[in-house]
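Asker: One structure, as structure tokens, below. Some questions next.
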Amino acid sequence: MSDSYIVRILAICLSLFYISACTPIVSRGKDKTEDTDSFYPVIQTVTDAASAYSGTFGPVKKIEFSGTTASVDIPGLTGQNVFLLKVNRSQDTVDYVDTGNAWSSETGGRSAAESAGISRTGTGGSRRMLPVISDISGFFPDGVIRLDHDGARLFNSNPPPVEETAPFRPAFYRAAGDIVDVTSQDFWVEDSGGNWVRITAVLRAGRSNCKVWVAAANFTDTNFGSDRDNKITSEQAGKIADKFDTIYGYTTAIFGYEYGGGIPSGDSAYGGKDHDSAIQILLYDIEGDYSPGQSSGVVGFFWGKDFYDQHYLDESGLAYKTNVSEIFYIDAYFADRYENMVYSTLVHEFQHMIHFNQKYVIHNQNSGTWYNEMLSMLAEDMISPLIGISPGSGGHPVDVRVPTFLSRYNIAGTTEWLSGSGVYYSYANVYAFGAFLARNFGGANLIKVIASNDSVDTRSIGTALKSLAAGTFTSENSAFGEAIGLYAQALVYSGSRKPSGVFTFDKTDSKTIGSTTYTFKSFDIWKINNALAGSPNIPQTYTGPLVWDLHTYWYPMSGNSVLLQSYPEWQGKTGTLTIGFDRPGSPDIDLYIMIR
């Protein structure tokens, strides 16, 4: 979005609307195929009601149709806000024209804009899309933009068949397999141009579950005064080793083990591909992008290529270099400057390493990126507080992901993985859905079942939901879609306006597994800053999810997604409100009315 475009938006909207510090309804979004006069006007709504709704309508009502239309009366309103929630329970994108419609006498019945929206088949259709925001800096509260390592992500999402070869014995083993006291080792990495090069790293710290190697170019024990020099000391390497040694036990108790872990020492696969029971952690300048003021980059990654030996990759025509070990790669600059970020990254990437073994190697199941990333962020959610990173500290996924979720929850479905800068919406939306599941259907017990069963994606989640919350879900096959419907409630109900019995983010779940208690802490989304707060047309103090205007929102719904809509006339409503509905053209769309 260009600066001139933003200025034009602001000028137009300020001339039309007085914007106060309250929850706005965002109306018509810009279409990439439309003319440049399209813009995002924000229509003021009232602030939250002084009291919760106590009328007879109930907090959640699914709209049932016996014909093409339906009508409901909502009596006893005393200044509450009324919302329409649309839920797409299918994997497929549904054109907006098929998502149903709602209106009332306050809005003048079916307005011209609504009628235009209903008849937009063929003129906009599924080609219409909300734009991806190019400036994503506001999506990270600490100001650091965490970039994906695209090569690792793409490889991990579609790895080659598991090779049937003996585990590799690297340089730090004698021919008989006895450990040699090696303190220096060469590793294959990519340089700034994506070329494979060998770098020398020295073993700077070792614990029972890990060895920390620091590239020679990124080590110092003489300069302790700077956290921006891209240099790691022995003391820092020791702290990373200590932290991961703790992370290892917390994580394996829930997710299982990496390849070669958790098995008897006499087993042929003991110690994994490198016959070393310790996991290798290599610190170096990832992608060679260091600068003293660096504010973006790859913090760390796990790359499944290291499960395969070089001969196999070469014979398969795969242009990778392998280090044939259970290994993480961590950026030296971020390790030097942002300790907590690196610790949470170790949790995140360790789940990926375990996931590769548990789902792909053991069960021969290749999971979707969204599912794998959801589990890694849930690992952060419940394990980060155990290592000193709690919500509110800036490094917890509630702090990092939820603000973005609130601003763009409607741009990607929970099972969709966008590319480019859209990937940050996917991270946020997938995390939010997982956070909802964990806080409502079993916490760490649920995650343990999902991680350990022999399926992936929606089937894995559906199986786990049905097993732990049998009374809530009809069957394993339907449980995931039903959970999406319940998830819609969490967009509305948090805090003091939360009725009893609803599904919400604002619920704490603690479970003890072994000797460790894992806690998913509640959070009120209406008190969390929206990532777009302070953008043109959106108040600086704006909290909670965007509420999209029913008059003019014409964009399709992604698969397995939810959409929160309303009218300005439905905000702060007193008395009885009568609402009419047009039946959705898609059988996979459900409509709900909720009151806050």
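Asker: Where Lys and Arg each count +1 and Asp and Glu each count -1, what net charge lies around Gly485 among other residues with Cβ under 13 Å from its Cβ? Walk me through the numbers on the way to the answer.
Answerer: Numbers: positive: Lys61, Lys62, Lys86, Arg89; negative: Glu482, Asp588, Asp590.
Around Gly485, the surrounding residues sum to +1.
Asker: Then there's this: Could you list the residues of segment 436-477 with an amide nitrogen less than 12 Å from a label point located 7 Å from the Cα of Gln91 in the Cα-to-C-beta direction?
Answerer: 456-460
Asker: Sticking with this structure for a sec: Give me the distance between the Cα centres of segment 516-587 and segment 401-460, rounded to whole Å.
Answerer: 18 Å
Asker: Now for a different question. How far apart, in nanometres, would the label points at Thr69 and Thr56 be if each is projected 7 angstrom from Cα along the Cα-to-Cβ direction?
Answerer: 2.4 nm
Asker: Would you please put 211-219, 312-320, 364-372, 432-440 in order of how densely packed they are, using the mean number of other Cβ atoms within 10 angstrom per residue and starting with the highest?
Answerer: Numbers: 211-219: 21.2, 312-320: 13.6, 364-372: 18.7, 432-440: 25.1.
Highest mean packing first, the order is 432-440, 211-219, 364-372, 312-320.
Asker: Right, another one. Exposure proxy check: His352, His149 ranked by fewest other beta carbons within 10 Å?
Answerer: On the way: His352 23, His149 20.
In increasing order of surrounding Cβ atoms, one gets His149, His352.
Asker: Would you mind ranking Arg497, Arg459 so that the residue whose beta carbon has the fewest other beta carbons within 10 Å leads the list? Don't jump to the answer; show the numbers that get you there.
Answerer: Working: Arg497 20, Arg459 17.
Listed from fewest to most nearby Cβ atoms, that is Arg459, Arg497.
Just so you know, all these numbers are worked out from the coordinates, no wet-lab data involved. Fair warning: this is a prediction, and the values are worked out from it, not measured in the lab. Quick reminder, even Gly has a Cβ in these numbers, built from the backbone with ideal geometry, and neighbours come from all protein chains shown.
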